[in-house]
Every structure is written in C-alpha cells, then in structure tokens.
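Okay, structure first, notes after.
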Amino acid sequence: MDLAIKLIVLLPLLAAAIAGLFCRVIGDRPAQIVTCAALLIAAALSIFVFVKIGFGPENAKLVVVKLFTWIDSGTLDVAWSLRVDTLTAVMLIVVTGVSSMVHVYSIGYMAEDPSIPRFMSYLSLFTFFMLMLVTSDNLVQLFFGWEGVGLASYLLIGFWYDKKSANDAAMKAFIVNRVGDFGFALGIFAVWMLSGSVGFADIFAKAPDMAQMRINFLGMNLPALETACLLLFVGAMGKSAQLGLHTWLPDAMEGPTPVSALIHAATMVTAGVFMVCRLSPLFELAPIASTVVTLIGAATAFFAATIGLTQFDIKRVVAYSTCSQLGYMFFAAGVGSYSAAMFHLTTHAFFKALLFLGSGSVIMAMHHEQDMRKMGGVKEKTPQTFYLMWVGTLALSGIGVPFLLGNGVGFAGFYSKDIMIESAYGVHTTAGLIAFWLGTVAAGLTAFYSTRLMFMTFYGKYRGDHHTWDHAHESGAVVLIPLYVLGAGALLSGYIAYDWFVGHDFIHFWGTTSIAVKSTEEVLHHAHEVPLWVTLAPLVFALGGIALSYMYYITMPWLPEATARRFPAIYALFYNKWYFDEIYDALIVQPALRIGRFFWKKGDGATIDGLGPDNLAARAQDMAGVLMRFQSGYLYHYAFAMLVGVAALVTYFMFVR
C-alpha cells in the first residue's frame, strides 16, 4: 500500500522531468509514451488504493506515509507525509483518471504542435502538484500543492505564448489566484497561531478549543475560528472561481482544449471544494463561515448559469457551466453535506471532462472554429462525438427517472445534483432555502444552455465556411477512446456510487477520518426525508429548460434574436458577464496603472533618475561639450592655451606670495 501511494504521487513528477529535461534527446513520441504510461499506471494504482481504503475496515481507512522531515524550526515541525483516507482516495481516482484520459487525448489533439514534449511535461507537472495537494497531511504541504497547481496552470494557459490573448489570460489567472491565496495564507497563519500546529490531526483535535477563542483586530473582538475559516474560504474562492474571484476562469479557455479539461473538470478548480471538505471539522464549528460558503456558492451557481445562456464560444459555455457547478458543491458543503459535495465533484469530473474534450473534437473537425454561430449540422460529420456529447449534456442537466430501481435511474448528475439541492432544503435554514431555490432555478438554466450548445452545434444547417465543412471529419481513435471512457463515467458513476457517498453505505465508506461524518449523516437524513415536490423540482426545471431550448433553437429559431431585442438590458447584462471585468478594470486595473505610471514617470524617471544617474550623466556630457571646443586640432590654439595657462600660474603665485 505504501509503495502504491508513493508511486501514484511520484510517477507524474518523474514523467514530467523526463519529458521536459530530455525532450531534445528522446523526441515527441517517447515523451508522449512516458507521460501517458506514468498516468495510466498511477490511475490503476489509484483504483487499488480506492478499493483498499474505501471498502476496508475502519482501522485501515487512514494511511500516513512519512517521507522525510521538511521543516524543523523551534516549535514548528513539518513532515513531508502522504495522507490517504477515503477523501483522498476519491480525489486520487478523479485526478489520475481524468488526467490520464487528457494525456491520451492530447496525443491526437496536439499532434501538429511544435512543442509536444513541453506540453506533456506541463500536464504531468500539473498532475503531480494536484496529487501533492490532495495527499497533504498538513497545511504547509497543502499550500505547496496549492501554489504548484497555480504555477502549472499559468504555464498551461499561456502555453501558446506567441498569442497575446493567451499571455493575458495566463497573467489574469495567476494574479486573481494570488488575491485568493493571500487570504488563504492568512488563514493558515491564523490556524497555526490558534492551534500551535499545522498538522491536520492536531488541528482537528484542538478545534473545539479554537471555537472558544477570540481575537482583536482593528478594535474589533472577533471569533477566532470564524475569522480563520473565512480567510481560508477566500483562498477557495480564488482557486474554484467563486463569485467575485471568478473572472479568470472563462479567459483560461485561451489554453489548448486538453488544458481546459484538466483545469476545469477535475483538478485545479475543485481544489477549493476539497479544501473545505478536508477542513470540515473546523467549518462545522464556524456557522457564520459556513453560511457565507452556502450563500456564495448558491449565488455563483445562479450567476454563472445566467451568463452561459448568452455565450457563443463553445468552450466558454462549458467553462461557465463549471463555475456554476462549483457553486453547487460549495453550497452543499456550506450546509454540512460534505459527502454530497464530493459526490458531485466526482460525477462532475467525468461529464465535464467529456464535454470539454468533446468540444475539442468538434473544434478539430471545424478546423479550430469555436463560434457556435458558425456551426450547425455537425452531427453528420462527427456522429460519435455527437452521441457522446449528448451523454455529457444529459448528465450535466441532471436527467433521470426518479423512484425507479430504488433511488432512480439516470445520468450521473441526476444523483449528485439532486442530493445537494435536497440537502440545502433539508437543513431548514434561511441560507439553505436560498441555496435550494437558486440551485433549482440554476438547474433549469443549466439544462437550457447545455442543450442550446447541442442544438446550435449539431442540429440544423451548417452556417460556416463551406471549405471547412468539406474537410470536416470525425476524430481518430486516440481522441475518441478517452471520450468513451469518460462517457461511461458520466453514464454510470452516479448510479454505482450513490450508496457509497450518500446512501446506505455512507458510514462504512467514509469512516471517521475523512470528513465531519456525524453532521453530514444528520444532513443526509433530512435530505432523504424532504417532501416529494422538493425531490421533483430540479428534474422538472431541467426538463422545462430542455423543452424551452428546443423551442428556441429548433422549432422557432428566430426567437433568440427576438428575445434579445425585447429585453436588451437583461441580454446585455448576461452577455457582458454582469460587467464584472469592466467594473474591475475601472475600479482596480486602471487606477493601479495610473499609480504605477505616476511613480514610473515622476518618481523613478523625474526624481530618482532625474536627480541621480541621469542628472550626473547630463552634467558630465555638458562639461565634455565645453572642453571639446578646445580640441580644434590647430597648433596655434594649443600654444595660446599653454600661454594662458602659464600666465594663470604666474598670476596665482604672485598673489599667493
């Protein structure tokens, strides 16, 4: 078991080093083979660890593998250890499973790129940092993985560095995440000051005492644990693109499509959800912070769904879907249904990676065209991608038949999304009810914009360039095989894993070391006893969204434009992403640029350089110009200068005497 855990984490790092450092020696194909093989082996080992941990006895549900002592300074003792419990085992399946499929897919998608080894190395490096994050045994190690995925995402989003838009998007992602990470770092400092430790076991043991502590800040007497949890959540908001720190996520689409799938489906953006669930013993004792998590998550789920209604870039529609689904996970965690949040994180990984990689298959067929307004009828050219995309779309929409064969039969999202919404209603709090209604409405909006993508892309008549249409064709096997694997997950994972995550086997599966089990069990108990209309509401809204989308884009295709003309203000609000970018540009970016320009021109240029090096250089140049006039080249000028010099010396000595 210990060896398997070490190999899962270290194989991607080894593959990244080989592909990145020896790319000129081994070439493109060996770099692809090494990185793909390493991730496939890691995925197989993750399944082994998942079975051993998730379905083993209680005394075998936590394995800590200590590698070495990392920091030993005074009272701070940080060991580099790999902690694997059920929560980690779930993340190992998700990260290595999706990442291995993305690696294989990249062989086909990036076949014509001149920098294949560098790309494969970046993918494996990103995966290594994500695995370090989810296997961390303390907050310092967690922060290392946290910052590592931020660095790797910067490299991947800006992979095509010759494009200004890609560079700008990479910088935007990096800077926005640093804002969140500043709060996250403060939260880690606060937890260490309160508990005297950064190790999870010690922190959780001291959590009840921390809940009684208070701190003074700017004359305010604040509850210490609430403050620490709010700061930690700020980090989660940045990494998981929650409302306010979400603006980097859609722009990250400038990276290659495999990057979009890897970052947005199962890895970087889910790090915030994982962190909240990992620290659930703290959030359970911080009700104000949990309420904030609930409200921010619910607002994000609705907000991002409204933007997805009006976007035309196929990848951006799926990106805003990711932002919305992350909101669901957060409000589930906020109401205490941590296992439901992790359930949706798992199912979402399959169908969202499927939708991103399926979109990439369409983009390849359309000769890298991403505007859905220039598509239509593409199912004739890409029939396999078409059916697989429908699987992902119905899973995202949460379509299923309730009360059939026990819990119902449906696509993956049907199980995980419903239990989150039911949990929000079941807690019977104001924040929970707000989350319930916003989540239910967002379910209808999600079904509308996801099927809108299908109808605009695959149905009707082709609206683009006919030269592109003539050369369009289905993707090759190396692209389609990962889609089929992910499609199987989007189709079956919800039905298979329901009892493990939120059903009868909940206690045995999660044990007592992964999440706050007692509170989660209580929330799930209430969720399973909600009224019938609460259970049916998300499905009814989703079916209504699909029907409305069919009417808008199939039976009455003139209706979208007419609606936009009828409600121009609302359409402009949604299309322009609620003007967050413009507001941030006006309030933060432009003032910062003006301040920077002022200090550059007036401070550095006029004052420091003007009075310092530049001034001295200018005076020296002026003096040189004066002296240069005496260098005429005529002998009598030099003789005259000597005569003047002698006269000056004689005069000096006369007066001195």
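Rounded, prolate or oblate: which one fits segment 510-589, using the alpha carbon gyration tensor with axes a ≥ b ≥ c (rounded when a/c is under 1.5, else prolate when a/b beats b/c, else oblate)? Display every interim value, and only then the final one.
Values: a/c = 3.91, a/b = 1.48, b/c = 2.63.
Oblate, because a/c is 1.5 or more while a/b does not exceed b/c.
Find out how many positive minus negative residues lie around LEU3, taking Lys and Arg as positive, Asp and Glu as negative, among other residues whose Cβ is under 15 Å from that of LEU3. Don't skip to the answer; put the middle values down first.
On the way: positive: LYS6, LYS52, LYS66; negative: ASP2.
With Lys, Arg at +1 and Asp, Glu at -1, the net is +2.
Express the accessible area of the chain per residue in Å², computed with a 1.4 Å probe while the remaining protein chains stay in the model.
Working: 27880 Å² over 657 residues.
Per-residue value: 42 Å².
Determine the dipole magnitude for segment 505-657: charges of +1 sit on the beta-carbon of Lys and Arg, -1 on that of Asp and Glu, nothing else is charged, the reference point is the Cα centre, and the result goes in debye to the nearest 20.
So the magnitude is around 1100 debye.
Longest segment of the chain with no GluC sites (Glu not before Pro) in a DSSP loop having at most 14 other Cβ atoms within 10 Å?
Numbers: sites that count: GLU112, GLU529.
Here the longest run is 113-528.
Which one of TYR575, ALA586, ALA624 has its Cα pushed farthest toward the positive end of the charge dipole of segment 544-657, where Lys and Arg give +1 and Asp and Glu give -1 at the Cβ?
Positive-most Cα among the choices belongs to ALA624.
Give a quick list of trypsin sites (Lys or Arg not before Pro) in segment 138-207 that DSSP marks as loop, anything other than H, G, I, E or B, with at most 15 other Cβ atoms within 10 Å. Each step should come with its number before you reach the end.
Working: sites: LYS163, LYS164, LYS172, ARG178, LYS206; in loops: LYS163.
Here the sparse-neighbourhood loop sites are LYS163.
Run the accessible area of the chain with a 1.4 Å probe and give the carbon-and-sulfur part as a rounded percent. Walk me through the numbers before you get to the answer.
Values: 19140 of 27880 Å².
Result for the chain: 69 percent of the exposed heavy-atom area is carbon or sulfur.
Got the relative contact order for segment 139-258 handy, in percent, Cα pairs under 8 Å and 6 or more residues apart?
33 percent
When a/c reaches 1.5 or more, the comparison of a/b and b/c decides; with that in mind, is segment 408-452 rounded, prolate or oblate per its Cα gyration tensor?
Values: a/c = 4.24, a/b = 1.45, b/c = 2.93.
Oblate, because a/c is 1.5 or more while a/b does not exceed b/c.
Starting from the Cα gyration tensor of segment 19-131, take the square roots of the eigenvalues, sort them a ≥ b ≥ c, and report rounded, prolate or oblate (rounded when a/c is under 1.5, otherwise prolate if a/b is larger than b/c, else oblate). All intermediate terms of the calculation are to be shown ahead of the outcome.
Numbers: a/c = 3.29, a/b = 1.58, b/c = 2.08.
Oblate shape, in that a/c is at least 1.5 and b/c is the bigger or equal ratio.
Counting each DSSP H run of 4 or more residues in the chain as -39500 (n - 2.57), what helix-only mean residue ellipticity at 222 nm follows after dividing by all residues, to the nearest 500 deg cm²/dmol?
Values: 30 runs with 458 residues, N = 657.
Calculated at 222 nm, the ellipticity per residue is -23000 deg cm²/dmol.
Going through segment 587-657, which chymotrypsin sites (Phe, Trp or Tyr not before Pro) have at most 15 other Cβ atoms within 10 Å and a DSSP loop state?
Numbers: sites: PHE598, PHE599, TRP600, PHE630, TYR634, TYR636, TYR638, PHE640, TYR652, PHE653, PHE655; in loops: PHE630, TYR634.
Qualifying residues, ordered by number: PHE630, TYR634.
Grab the other residues whose beta carbon is less than 15 angstrom from that of LEU125, score K and R as +1, D and E as -1, and report the net.
Working: positive: ARG118; negative: GLU147.
In short, 0.
Over the chain, what is the mean sequence separation of C-alpha contacts under 8 Å (at least six apart), divided by residue count, expressed as relative contact order in percent? Each step should come with its number before you reach the end.
On the way: 1109 pairs, mean separation 81.6, N = 657.
Across the chain, relative contact order equals 12 percent.
Rounded to the nearest Å, what's the spacing between the alpha carbon centres of segment 590-657 and segment 282-344? Just the number, please.
67 Å
About the Cα centre of the chain, what is the dipole size in debye to 20, counting +1 per Lys and Arg Cβ and -1 per Asp and Glu Cβ, all else neutral?
On the way: 38 positive and 41 negative charges, 262 e Å.
The dipole of the chain has a size of about 1260 debye.
Specify which labelled value, from (i) 83, 66, 49; (ii) 121, 69, 56; (iii) 76, 64, 49, agrees with Cα extents along the principal axes in Å derived from the coordinates of the model shown.
Given (i) 83, 66, 49; (ii) 121, 69, 56; (iii) 76, 64, 49, the calculated one carries the label (ii).
Starting from the 7 Å offset along Cα-to-Cβ, what nm value, one decimal, do you get for the label separation of LEU593 and GLU522?
5.2 nm
Would you tally the net charge around ALA592, using a Cβ to Cβ cut-off of less than 14 Å, leaving ALA592 out, and scoring K and R as +1, D and E as -1?
On the way: positive: LYS172, ARG178, ARG594, ARG597; negative: ASP585.
Neighbour charge sum, excluding ALA592 itself: +3.
Counting only Cα, what are the radius of gyration and maximum Cα-Cα distance Dmax of segment 144-246, in Å?
Considering segment 144-246 through its Cα atoms, Rg and Dmax are 16.9, 54 Å.
For the chain, what are the DSSP H helices with axial Cα length of 30 Å or more and mean Kyte-Doolittle hydropathy of at least -0.5? Before the final figure, lay out the partial values.
Values: long enough: 28-54 (38 Å, 1.56); 86-109 (34 Å, 1.51); 164-195 (46 Å, 0.78); 287-308 (32 Å, 1.64); 314-334 (31 Å, 0.69); 338-365 (40 Å, 1.13); 430-458 (42 Å, 1.23); 477-502 (36 Å, 1.65); 635-656 (32 Å, 1.79).
Flagged H segments are 28-54, 86-109, 164-195, 287-308, 314-334, 338-365, 430-458, 477-502, 635-656.
The values are calculated or read from the model by the stated rules, or taken from the named source; none is laboratory data. A quick note: this is a predicted structure, and the numbers were derived from the prediction, not measured. Backbone-built Cβ (ideal geometry, glycine too); neighbour counts: all protein chains shown. Heavy atoms of the whole protein, side chains included, go into the accessibility calculation; ligands, DNA and RNA do not. Shrake-Rupley method; radii C 1.70, N 1.55, O 1.52, S 1.80 Å.
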